[in-house]
Amino acid sequence: MSFSGVFAKILRIVQSERMEIDTIHEQDVLSQDNEPTPSVLSKYRLAGHFCSTAIRSVLQQCLPGANCRDLCVVGDEAILSQVFSAFFK
């Protein structure tokens, strides 16, 4: 069997297993009470604020010649600093 044939067979196996996992997970989620509470919604809003602030920080550093890794570090540090200040006082 050629490499492409083996790769295609592996891909089919992975996709079929992923479908089974997704179906099981979807059934678990649908069977649970998923009404958003005010507490959960406020945490989503806070996470969105953290992301917006981090994106602004990264965009300020996006200059010609900027290193992609350094931009990732700027974004990570922005998010982590906000999380620590919000949850670990």
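The values are calculated or read from the model by the stated rules, or taken from the named source; none is laboratory data. Quantities reported herein were computed from a predicted structural model and do not represent experimental measurements. Please note: Cβ atoms are built from the backbone with ideal geometry, for glycine as well, and neighbour counts cover all protein chains shown.
For this structure, a couple of remarks:
- Taken residue by residue, region 44-61 has at least one member that is modelled with pLDDT under 90 and part of a helix (DSSP H, G or I).
- Close pairs from region 74-86: first closer than 9 Å to residue 50 by Cβ and in contact (Cβ under 8 Å) with a residue 40 or more places away in the chain, partner among the hydrophobic types (A, V, I, L, M, F, W, C) and assigned to a helix (DSSP H, G or I), Cβ under 9 Å, at least 6 apart: 86/46; 86/50
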